[in-house]
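For reference, the structure discussed in these notes is given below.
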Amino acid sequence: MKAMHATASETLGIYASIPFCKAKCSFCNFASGVFGSGALPGYLERLCAEMQQARAFAEALEMQLPERADSVYLGGGTPSLLEPDAVEQLFGELQANFAVDPNAEITVECAPGQVSSRTLEALLRAGVNRLSFGVQSFVDAECAATGRLHTGNACRQELARMQQAGVARLGLDLVVGLPHQTEASWRFSVEQAIESGVEHVSIYLLETDEDSRLGREVLTGGTRYGAGSLPEEDRAADWYQAACDWLGAAGIAQYEISNFARAGGQSRHNRKYWERAPYLGFGLDAHSMLRGGQDPQATDVRWANAKEMATYMGPGLGERGFHRTVDRVDRRAALEEALFTGLRLVEGVSLAALREQFGRWVDEVEFGGMDGLLAQNGDRLQLTSAGRLVSNEVFQRLLLEPAGV
Ligand code: SF4
(Lines give C-alpha, C1' and ligand atoms only; values in the text may rest on other atoms or scores of the structure.)
Protein backbone atom coordinates (compact mmCIF):
# COMPACT_ATOMS: atom_id res chain seq x y z
CA MET A 1 0.00 0.00 0.00
CA LYS A 2 1.36 3.44 -0.91
CA ALA A 3 1.31 6.49 1.33
CA MET A 4 -1.08 9.05 -0.12
CA HIS A 5 -1.03 12.79 0.01
CA ALA A 6 -3.74 15.34 -0.56
CA THR A 7 -2.91 17.81 -3.32
CA ALA A 8 -2.50 21.47 -2.37
CA SER A 9 -5.62 22.43 -4.33
CA GLU A 10 -7.90 19.92 -2.63
CA THR A 11 -10.31 21.23 -0.07
CA LEU A 12 -12.34 19.27 2.41
CA GLY A 13 -16.08 19.06 3.02
CA ILE A 14 -17.12 18.36 6.60
CA TYR A 15 -20.43 16.78 7.57
CA ALA A 16 -21.76 16.35 11.09
CA SER A 17 -24.92 14.40 11.86
CA ILE A 18 -27.27 15.53 14.61
CA PRO A 19 -29.77 12.66 14.43
CA PHE A 20 -32.17 14.02 17.07
CA CYS A 21 -35.77 14.67 15.98
CA LYS A 22 -38.93 15.73 17.80
CA ALA A 23 -40.94 12.99 16.07
CA LYS A 24 -40.10 10.31 13.54
CA CYS A 25 -41.73 10.97 10.17
CA SER A 26 -43.40 7.90 8.69
CA PHE A 27 -41.40 7.99 5.42
CA CYS A 28 -38.02 8.67 7.03
CA ASN A 29 -35.35 6.05 6.37
CA PHE A 30 -32.45 8.04 7.82
CA ALA A 31 -30.49 7.06 10.92
CA SER A 32 -32.39 9.49 13.12
CA GLY A 33 -34.82 9.19 15.99
CA VAL A 34 -36.44 10.61 19.10
CA PHE A 35 -33.56 9.94 21.47
CA GLY A 36 -34.42 12.45 24.19
CA SER A 37 -32.38 15.53 25.00
CA GLY A 38 -30.62 13.70 27.87
CA ALA A 39 -28.68 11.75 25.26
CA LEU A 40 -27.40 14.86 23.48
CA PRO A 41 -24.41 15.88 25.67
CA GLY A 42 -22.83 12.42 25.47
CA TYR A 43 -23.47 12.29 21.73
CA LEU A 44 -21.83 15.67 21.13
CA GLU A 45 -18.88 14.64 23.25
CA ARG A 46 -18.34 11.58 21.09
CA LEU A 47 -18.75 13.55 17.88
CA CYS A 48 -16.19 16.11 19.11
CA ALA A 49 -13.79 13.28 20.01
CA GLU A 50 -14.12 12.06 16.42
CA MET A 51 -13.15 15.51 15.14
CA GLN A 52 -10.12 15.63 17.46
CA GLN A 53 -8.89 12.30 16.17
CA ALA A 54 -9.67 12.80 12.48
CA ARG A 55 -6.14 13.68 11.40
CA ALA A 56 -4.55 10.80 13.33
CA PHE A 57 -7.19 8.42 11.97
CA ALA A 58 -6.45 9.47 8.38
CA GLU A 59 -2.72 9.11 8.96
CA ALA A 60 -3.21 5.62 10.39
CA LEU A 61 -4.85 4.78 7.06
CA GLU A 62 -1.82 6.32 5.31
CA MET A 63 -3.99 9.14 3.98
CA GLN A 64 -3.56 12.84 4.49
CA LEU A 65 -6.34 15.33 5.05
CA PRO A 66 -6.51 18.41 2.84
CA GLU A 67 -5.51 21.41 4.93
CA ARG A 68 -8.52 23.63 4.28
CA ALA A 69 -12.25 22.97 4.57
CA ASP A 70 -14.50 25.04 2.33
CA SER A 71 -17.85 23.48 3.19
CA VAL A 72 -19.50 22.39 6.41
CA TYR A 73 -22.91 20.72 6.60
CA LEU A 74 -24.91 19.93 9.73
CA GLY A 75 -27.56 17.38 8.85
CA GLY A 76 -29.47 14.64 10.56
CA GLY A 77 -31.90 14.61 12.10
CA THR A 78 -32.85 18.11 13.07
CA PRO A 79 -29.73 20.12 13.97
CA SER A 80 -31.87 23.26 14.29
CA LEU A 81 -33.03 21.81 17.63
CA LEU A 82 -29.55 22.40 19.14
CA GLU A 83 -29.46 24.92 21.97
CA PRO A 84 -27.04 27.86 21.57
CA ASP A 85 -24.44 26.33 23.92
CA ALA A 86 -24.42 23.12 21.87
CA VAL A 87 -24.01 25.17 18.67
CA GLU A 88 -21.02 26.92 20.25
CA GLN A 89 -19.51 23.65 21.42
CA LEU A 90 -19.81 22.08 18.00
CA PHE A 91 -18.47 25.00 15.98
CA GLY A 92 -15.72 25.64 18.56
CA GLU A 93 -14.52 22.06 18.10
CA LEU A 94 -14.75 22.37 14.34
CA GLN A 95 -12.63 25.53 14.29
CA ALA A 96 -10.14 24.01 16.74
CA ASN A 97 -9.48 21.02 14.51
CA PHE A 98 -9.89 22.26 10.94
CA ALA A 99 -8.88 25.32 8.94
CA VAL A 100 -12.34 26.40 7.82
CA ASP A 101 -12.13 29.00 5.01
CA PRO A 102 -13.59 32.40 5.91
CA ASN A 103 -15.81 32.09 2.84
CA ALA A 104 -16.77 28.46 3.46
CA GLU A 105 -20.35 27.42 2.73
CA ILE A 106 -21.82 26.45 6.11
CA THR A 107 -25.24 24.81 5.92
CA VAL A 108 -27.63 23.66 8.63
CA GLU A 109 -30.70 21.51 8.03
CA CYS A 110 -33.80 22.83 9.76
CA ALA A 111 -37.34 21.67 10.39
CA PRO A 112 -39.96 24.40 9.91
CA GLY A 113 -41.03 25.76 13.29
CA GLN A 114 -38.08 24.12 15.05
CA VAL A 115 -35.51 26.95 14.99
CA SER A 116 -35.74 29.16 18.06
CA SER A 117 -34.56 32.75 17.68
CA ARG A 118 -31.78 32.07 20.22
CA THR A 119 -30.55 29.13 18.14
CA LEU A 120 -30.83 31.12 14.92
CA GLU A 121 -28.69 33.88 16.43
CA ALA A 122 -26.13 31.33 17.63
CA LEU A 123 -26.00 29.72 14.19
CA LEU A 124 -25.44 33.06 12.46
CA ARG A 125 -22.78 34.00 15.05
CA ALA A 126 -21.02 30.70 14.31
CA GLY A 127 -20.81 31.62 10.62
CA VAL A 128 -23.71 29.59 9.26
CA ASN A 129 -24.68 31.15 5.92
CA ARG A 130 -27.09 28.65 4.42
CA LEU A 131 -30.21 26.97 5.83
CA SER A 132 -31.99 24.03 4.26
CA PHE A 133 -35.60 23.39 5.33
CA GLY A 134 -37.24 19.96 5.28
CA VAL A 135 -40.63 21.18 4.04
CA GLN A 136 -41.54 18.03 2.05
CA SER A 137 -45.04 19.41 1.29
CA PHE A 138 -46.94 22.68 1.62
CA VAL A 139 -50.22 20.75 1.88
CA ASP A 140 -51.45 20.29 5.44
CA ALA A 141 -53.12 16.90 4.89
CA GLU A 142 -49.90 15.48 3.38
CA CYS A 143 -47.79 16.84 6.25
CA ALA A 144 -50.17 15.41 8.84
CA ALA A 145 -50.34 12.00 7.13
CA THR A 146 -46.58 11.57 7.29
CA GLY A 147 -46.09 12.86 10.82
CA ARG A 148 -44.58 16.23 9.88
CA LEU A 149 -45.19 18.69 12.69
CA HIS A 150 -45.79 21.76 10.51
CA THR A 151 -48.46 23.17 8.21
CA GLY A 152 -47.96 24.84 4.85
CA ASN A 153 -48.63 28.18 6.43
CA ALA A 154 -46.02 27.60 9.13
CA CYS A 155 -43.47 26.84 6.38
CA ARG A 156 -44.24 30.08 4.54
CA GLN A 157 -43.93 32.08 7.77
CA GLU A 158 -40.70 30.33 8.73
CA LEU A 159 -39.04 31.04 5.38
CA ALA A 160 -40.12 34.70 5.58
CA ARG A 161 -38.71 34.90 9.13
CA MET A 162 -35.35 33.60 7.90
CA GLN A 163 -35.30 36.10 5.04
CA GLN A 164 -36.04 38.92 7.50
CA ALA A 165 -33.24 37.65 9.75
CA GLY A 166 -30.86 38.14 6.80
CA VAL A 167 -30.21 34.49 5.87
CA ALA A 168 -29.30 35.00 2.24
CA ARG A 169 -29.04 31.39 1.19
CA LEU A 170 -32.19 29.35 1.77
CA GLY A 171 -33.20 26.00 0.38
CA LEU A 172 -36.05 23.56 0.87
CA ASP A 173 -36.80 19.90 0.20
CA LEU A 174 -40.00 18.48 -1.29
CA VAL A 175 -41.05 14.84 -1.61
CA VAL A 176 -43.01 13.60 -4.62
CA GLY A 177 -45.20 10.53 -4.21
CA LEU A 178 -46.46 11.24 -0.66
CA PRO A 179 -49.70 9.71 0.63
CA HIS A 180 -52.77 11.68 -0.55
CA GLN A 181 -50.71 13.66 -3.07
CA THR A 182 -52.50 14.56 -6.30
CA GLU A 183 -51.30 16.29 -9.42
CA ALA A 184 -52.92 19.53 -8.21
CA SER A 185 -51.51 19.30 -4.69
CA TRP A 186 -48.03 18.56 -6.04
CA ARG A 187 -48.23 21.54 -8.36
CA PHE A 188 -49.32 23.68 -5.39
CA SER A 189 -46.25 22.62 -3.35
CA VAL A 190 -43.86 23.33 -6.21
CA GLU A 191 -45.49 26.73 -6.85
CA GLN A 192 -45.18 27.59 -3.17
CA ALA A 193 -41.49 26.67 -3.29
CA ILE A 194 -40.99 28.98 -6.27
CA GLU A 195 -42.96 31.83 -4.68
CA SER A 196 -41.04 31.54 -1.41
CA GLY A 197 -37.98 32.95 -3.20
CA VAL A 198 -35.54 30.28 -1.93
CA GLU A 199 -32.44 29.80 -4.07
CA HIS A 200 -32.33 26.00 -3.85
CA VAL A 201 -34.95 23.25 -4.13
CA SER A 202 -34.41 19.50 -3.73
CA ILE A 203 -37.01 17.03 -4.94
CA TYR A 204 -36.91 13.46 -3.73
CA LEU A 205 -39.05 10.58 -4.94
CA LEU A 206 -40.64 8.84 -1.96
CA GLU A 207 -38.66 5.71 -1.14
CA THR A 208 -40.65 2.76 0.11
CA ASP A 209 -38.03 0.47 1.63
CA GLU A 210 -38.00 -1.43 4.88
CA ASP A 211 -36.07 1.28 6.68
CA SER A 212 -39.20 3.42 7.17
CA ARG A 213 -42.57 2.70 8.81
CA LEU A 214 -44.43 3.74 5.67
CA GLY A 215 -42.11 1.66 3.49
CA ARG A 216 -42.62 -1.46 5.60
CA GLU A 217 -46.38 -0.93 5.49
CA VAL A 218 -46.31 -0.68 1.69
CA LEU A 219 -44.09 -3.75 1.35
CA THR A 220 -46.43 -5.83 3.52
CA GLY A 221 -49.58 -4.60 1.75
CA GLY A 222 -50.90 -2.63 4.76
CA THR A 223 -52.79 0.64 4.80
CA ARG A 224 -51.43 2.43 7.89
CA TYR A 225 -49.58 5.76 7.56
CA GLY A 226 -51.54 6.53 4.39
CA ALA A 227 -49.97 3.55 2.58
CA GLY A 228 -53.33 2.93 0.92
CA SER A 229 -53.39 6.39 -0.65
CA LEU A 230 -49.99 6.56 -2.30
CA PRO A 231 -50.01 7.78 -5.90
CA GLU A 232 -48.83 5.23 -8.45
CA GLU A 233 -45.10 5.25 -9.12
CA ASP A 234 -45.54 6.20 -12.79
CA ARG A 235 -47.68 9.17 -11.85
CA ALA A 236 -45.11 10.33 -9.29
CA ALA A 237 -42.41 10.01 -11.98
CA ASP A 238 -44.51 12.19 -14.32
CA TRP A 239 -44.96 14.79 -11.56
CA TYR A 240 -41.21 14.83 -10.89
CA GLN A 241 -40.66 15.45 -14.60
CA ALA A 242 -43.26 18.23 -14.60
CA ALA A 243 -41.58 19.85 -11.59
CA CYS A 244 -38.26 19.91 -13.50
CA ASP A 245 -40.04 22.00 -16.17
CA TRP A 246 -41.91 24.30 -13.73
CA LEU A 247 -38.78 25.04 -11.71
CA GLY A 248 -36.70 25.53 -14.85
CA ALA A 249 -39.25 28.00 -16.24
CA ALA A 250 -39.00 29.93 -12.95
CA GLY A 251 -35.19 30.20 -13.22
CA ILE A 252 -34.49 27.39 -10.74
CA ALA A 253 -32.50 25.15 -13.04
CA GLN A 254 -31.92 21.47 -12.51
CA TYR A 255 -28.24 20.70 -11.92
CA GLU A 256 -28.50 17.22 -10.42
CA ILE A 257 -31.11 14.44 -10.45
CA SER A 258 -32.77 15.76 -7.28
CA ASN A 259 -31.43 19.31 -7.07
CA PHE A 260 -32.36 22.67 -8.59
CA ALA A 261 -30.93 26.14 -7.99
CA ARG A 262 -31.13 29.74 -9.04
CA ALA A 263 -27.89 31.15 -10.54
CA GLY A 264 -25.10 30.91 -7.96
CA GLY A 265 -27.24 28.86 -5.59
CA GLN A 266 -25.89 25.33 -6.08
CA SER A 267 -24.80 23.43 -2.99
CA ARG A 268 -21.01 23.44 -2.82
CA HIS A 269 -21.09 20.77 -0.15
CA ASN A 270 -23.26 18.30 -2.04
CA ARG A 271 -21.26 18.83 -5.23
CA LYS A 272 -18.32 17.31 -3.36
CA TYR A 273 -20.19 13.98 -3.14
CA TRP A 274 -21.01 14.00 -6.85
CA GLU A 275 -17.51 15.07 -7.86
CA ARG A 276 -15.79 12.65 -5.47
CA ALA A 277 -13.98 15.44 -3.67
CA PRO A 278 -12.69 14.50 -0.20
CA TYR A 279 -15.06 14.75 2.73
CA LEU A 280 -15.21 13.77 6.37
CA GLY A 281 -18.39 12.80 8.19
CA PHE A 282 -18.83 12.77 11.95
CA GLY A 283 -21.64 11.27 14.01
CA LEU A 284 -24.21 8.55 13.55
CA ASP A 285 -24.08 6.82 10.15
CA ALA A 286 -21.75 9.52 8.79
CA HIS A 287 -19.55 8.63 5.82
CA SER A 288 -16.07 9.82 4.84
CA MET A 289 -13.95 9.56 1.70
CA LEU A 290 -10.33 10.49 1.04
CA ARG A 291 -8.63 10.18 -2.33
CA GLY A 292 -5.33 8.46 -2.77
CA GLY A 293 -4.18 10.13 -5.99
CA GLN A 294 -3.96 8.98 -9.59
CA ASP A 295 -1.21 6.41 -9.35
CA PRO A 296 -2.54 3.09 -10.77
CA GLN A 297 -1.70 1.44 -7.45
CA ALA A 298 -3.35 4.15 -5.38
CA THR A 299 -6.51 3.34 -3.50
CA ASP A 300 -9.08 5.76 -2.16
CA VAL A 301 -10.44 5.09 1.30
CA ARG A 302 -13.98 5.42 2.54
CA TRP A 303 -15.36 4.68 5.96
CA ALA A 304 -18.78 4.68 7.57
CA ASN A 305 -19.79 5.12 11.19
CA ALA A 306 -22.24 2.82 12.94
CA LYS A 307 -25.90 3.23 12.00
CA GLU A 308 -27.35 2.32 15.39
CA MET A 309 -27.13 4.84 18.21
CA ALA A 310 -26.36 2.16 20.82
CA THR A 311 -23.45 0.93 18.71
CA TYR A 312 -22.15 4.41 17.88
CA MET A 313 -22.20 5.34 21.57
CA GLY A 314 -21.07 1.92 22.79
CA PRO A 315 -17.63 1.12 24.16
CA GLY A 316 -14.99 1.54 21.49
CA LEU A 317 -14.24 -1.78 19.93
CA GLY A 318 -13.67 -0.75 16.34
CA GLU A 319 -11.24 1.45 14.44
CA ARG A 320 -9.29 3.55 16.96
CA GLY A 321 -12.12 3.46 19.48
CA PHE A 322 -14.97 4.09 17.03
CA HIS A 323 -17.36 1.66 15.40
CA ARG A 324 -16.55 2.08 11.74
CA THR A 325 -16.25 0.02 8.64
CA VAL A 326 -13.32 0.98 6.44
CA ASP A 327 -13.10 0.11 2.73
CA ARG A 328 -10.27 0.56 0.27
CA VAL A 329 -11.51 1.58 -3.18
CA ASP A 330 -9.28 0.49 -6.07
CA ARG A 331 -9.06 2.38 -9.38
CA ARG A 332 -11.72 0.26 -11.09
CA ALA A 333 -14.25 0.76 -8.29
CA ALA A 334 -13.31 4.45 -8.03
CA LEU A 335 -14.07 4.92 -11.74
CA GLU A 336 -17.46 3.29 -11.27
CA GLU A 337 -18.19 5.64 -8.41
CA ALA A 338 -17.02 8.63 -10.45
CA LEU A 339 -19.47 7.63 -13.19
CA PHE A 340 -22.40 6.98 -10.85
CA THR A 341 -21.99 10.19 -8.89
CA GLY A 342 -20.80 12.38 -11.78
CA LEU A 343 -23.60 11.34 -14.10
CA ARG A 344 -26.10 12.51 -11.49
CA LEU A 345 -25.03 16.03 -12.44
CA VAL A 346 -26.86 17.48 -15.44
CA GLU A 347 -23.49 18.61 -16.84
CA GLY A 348 -22.35 14.97 -16.69
CA VAL A 349 -18.72 13.86 -16.66
CA SER A 350 -15.73 14.90 -18.74
CA LEU A 351 -14.29 11.89 -20.54
CA ALA A 352 -10.87 13.60 -20.78
CA ALA A 353 -10.84 14.19 -17.02
CA LEU A 354 -11.84 10.58 -16.39
CA ARG A 355 -9.05 9.35 -18.71
CA GLU A 356 -6.56 11.51 -16.85
CA GLN A 357 -7.70 10.11 -13.51
CA PHE A 358 -8.36 6.49 -14.39
CA GLY A 359 -6.33 5.82 -17.55
CA ARG A 360 -7.07 2.57 -19.33
CA TRP A 361 -10.02 1.70 -17.11
CA VAL A 362 -12.16 4.22 -19.00
CA ASP A 363 -11.78 2.17 -22.20
CA GLU A 364 -13.20 -0.87 -20.40
CA VAL A 365 -16.57 0.81 -19.82
CA GLU A 366 -19.30 -0.16 -22.25
CA PHE A 367 -21.10 3.11 -23.01
CA GLY A 368 -22.95 1.82 -26.08
CA GLY A 369 -26.51 0.53 -26.38
CA MET A 370 -28.07 3.21 -24.24
CA ASP A 371 -29.57 5.48 -26.87
CA GLY A 372 -32.03 7.89 -25.34
CA LEU A 373 -30.60 7.38 -21.85
CA LEU A 374 -26.98 8.50 -22.23
CA ALA A 375 -25.75 11.17 -24.63
CA GLN A 376 -22.30 12.46 -25.54
CA ASN A 377 -22.02 16.20 -25.93
CA GLY A 378 -18.46 17.03 -27.02
CA ASP A 379 -16.21 15.72 -24.27
CA ARG A 380 -19.05 15.31 -21.82
CA LEU A 381 -21.12 12.24 -21.17
CA GLN A 382 -24.56 13.05 -19.78
CA LEU A 383 -27.75 11.33 -18.76
CA THR A 384 -30.71 12.46 -20.86
CA SER A 385 -33.85 13.50 -18.99
CA ALA A 386 -35.24 9.99 -19.70
CA GLY A 387 -31.97 8.56 -18.36
CA ARG A 388 -32.29 10.56 -15.16
CA LEU A 389 -35.60 8.82 -14.47
CA VAL A 390 -33.99 5.37 -14.66
CA SER A 391 -30.51 6.34 -13.50
CA ASN A 392 -30.02 3.25 -11.34
CA GLU A 393 -30.67 1.02 -14.33
CA VAL A 394 -28.12 2.98 -16.39
CA PHE A 395 -25.52 2.80 -13.60
CA GLN A 396 -26.07 -0.94 -13.31
CA ARG A 397 -25.27 -1.38 -17.00
CA LEU A 398 -22.05 0.64 -16.68
CA LEU A 399 -20.60 -1.67 -14.03
CA LEU A 400 -17.19 -2.99 -14.99
CA GLU A 401 -16.47 -6.68 -14.97
CA PRO A 402 -13.87 -7.49 -12.30
CA ALA A 403 -12.51 -10.02 -14.80
CA GLY A 404 -11.24 -7.06 -16.83
CA VAL A 405 -8.53 -6.39 -14.23
S1 SF4 B 1 -37.55 13.28 7.86
FE2 SF4 B 1 -36.15 14.67 8.96
S3 SF4 B 1 -37.39 15.42 10.68
FE4 SF4 B 1 -38.46 13.62 9.91
S5 SF4 B 1 -37.65 11.93 11.18
FE6 SF4 B 1 -36.40 12.01 9.32
S7 SF4 B 1 -34.64 13.28 9.87
FE8 SF4 B 1 -36.25 13.64 11.42
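Nearest 5 percent is fine: what portion of the DSSP beta bridges confined to the chain is antiparallel?
Once the DSSP bridges in the chain are tallied, antiparallel ones form about 40 percent.
What are the residues whose amide H is under 5 Å from the amide H of A69, where those residues sit 5 or more places off or on another chain and H is modelled from the backbone?
Long-range HN contacts for A69: L12, A99, V100, D101.
Which Cys residues of the chain have no other Cys Cβ less than 4.7 Å away and so no disulfide-compatible partner by this rule?
Lone cysteines by the Cβ rule: C21, C48, C110, C143, C155, C244.
Any aspartates and glutamates with Cα under 17 Å of the K272 Cα? List them, leaving off those in the same chain fewer than 8 positions away.
E10, E67, D70, D101, E105, E256, D300, E336, E337, E347
State, as an integer percentage, the relative contact order of the stretch 12-272 based on alpha-carbon contacts under 8 Å between residues 6 or more apart.
Across the stretch 12-272, relative contact order equals 18 percent.
For the chain, what is the charge dipole size about the Cα centre, in debye to the nearest 20, if Lys and Arg each add +1 at the Cβ and Asp and Glu each add -1 at the Cβ?
Using Cβ point charges on Lys, Arg, Asp and Glu, the chain gives about 620 debye.
Could you derive backbone 3J(HN,Hα) for the stretch 336-349 from the dihedral phi with the Karplus parameters 6.51, -1.76 and 1.60 (θ = phi - 60°), listing whole Hz in sequence and x where the residue is Gly or Pro?
Per residue, the Karplus-derived 3J(HN,Hα) values read 4, 4, 4, 6, 5, 7, x, 6, 5, 6, 4, 5, x, 10 Hz.
Report, to the nearest whole %, how much of the accessible area of the stretch 12-272 belongs to carbon and sulfur atoms, 1.4 Å probe, protein only.
49
Counting only heavy atoms of protein chains, what accessible area per residue, in Å², does the stretch 332-405 have with a probe of 1.4 Å?
Counting only protein heavy atoms, the per-residue value for the stretch 332-405 is 50 Å².
Return the carbon/sulfur percentage of the accessible area of the stretch 332-405, one whole number, probe 1.4 Å, all protein chains in place.
49
Taking only protein heavy atoms and a 1.4 Å probe, what accessible area per residue, in Å², does the stretch 12-272 have with all protein chains in place?
Per-residue value: 40 Å².
Say each of E191 and A144 gets a label point 7 Å from the Cα, pointing the same way as Cα to Cβ; how far apart are those two points in nm?
2.2
Binning at 10 Å from 0, report for the stretch 12-272 what percent of all alpha-carbon pair distances ends up in each bin.
Distribution as computed: 7, 29, 34, 22, 8, 0 percent.
If we sort 171-177, 127-133 on the protection proxy, mean other Cβ atoms within 10 Å, highest first, what's the order?
Top to bottom by mean Cβ count within 10 Å: 171-177, 127-133.
Please report how far the C-alpha centroid of the stretch 247-309 lies from that of the stretch 317-373, rounded to the nearest whole angstrom.
One Cα centre to the other: 13 Å.
Specify the residue with the greatest mean-square fluctuation among L339, L290, L389, computed from a Gaussian network of the chain linking alpha-carbon atoms under 10 Å apart.
Of L339, L290, L389, the Gaussian network model singles out L389 as fluctuating most.
Explain nothing, just compute: Karplus ³J(HN,Hα) = 6.51 cos²θ - 1.76 cosθ + 1.60, θ = phi - 60°, for every residue of the stretch 207-216 in order, whole Hz, x for Gly and Pro.
Values, residue by residue: 9, 10, 10, 7, 8, 10, 4, 5, x, 5 Hz.
Could the peptides 266-272, 135-141, 224-230 be put in order, highest first, of the mean number of other beta-carbon atoms found within 10 Å of their residues?
Going by the mean number of other Cβ atoms within 10 Å, highest first, we get 135-141, 266-272, 224-230.
Sequence-distant or interchain residues sharing an amide H contact under 5 Å with E256, placed H: which?
For E256, whose amide H was placed from the backbone, the distant partners under 5 Å are V346.
Report the chymotrypsin sites (Phe, Trp or Tyr not before Pro) located in the stretch 330-371 that are in a DSSP loop and have at most 16 other Cβ atoms inside 10 Å of their Cβ, or state none.
Passing sites in the stretch 330-371 are F367.
The values are calculated or read from the model by the stated rules, or taken from the named source; none is laboratory data. Everything numeric here is computed off the predicted structure, so don't read it as measured data. Note that we place each Cβ from the backbone using ideal geometry, even for glycine, and neighbour counts take in every protein chain shown. Areas reflect the complete protein model, heavy atoms only, side chains present, ligands, DNA and RNA absent. Shrake-Rupley method; radii C 1.70, N 1.55, O 1.52, S 1.80 Å.
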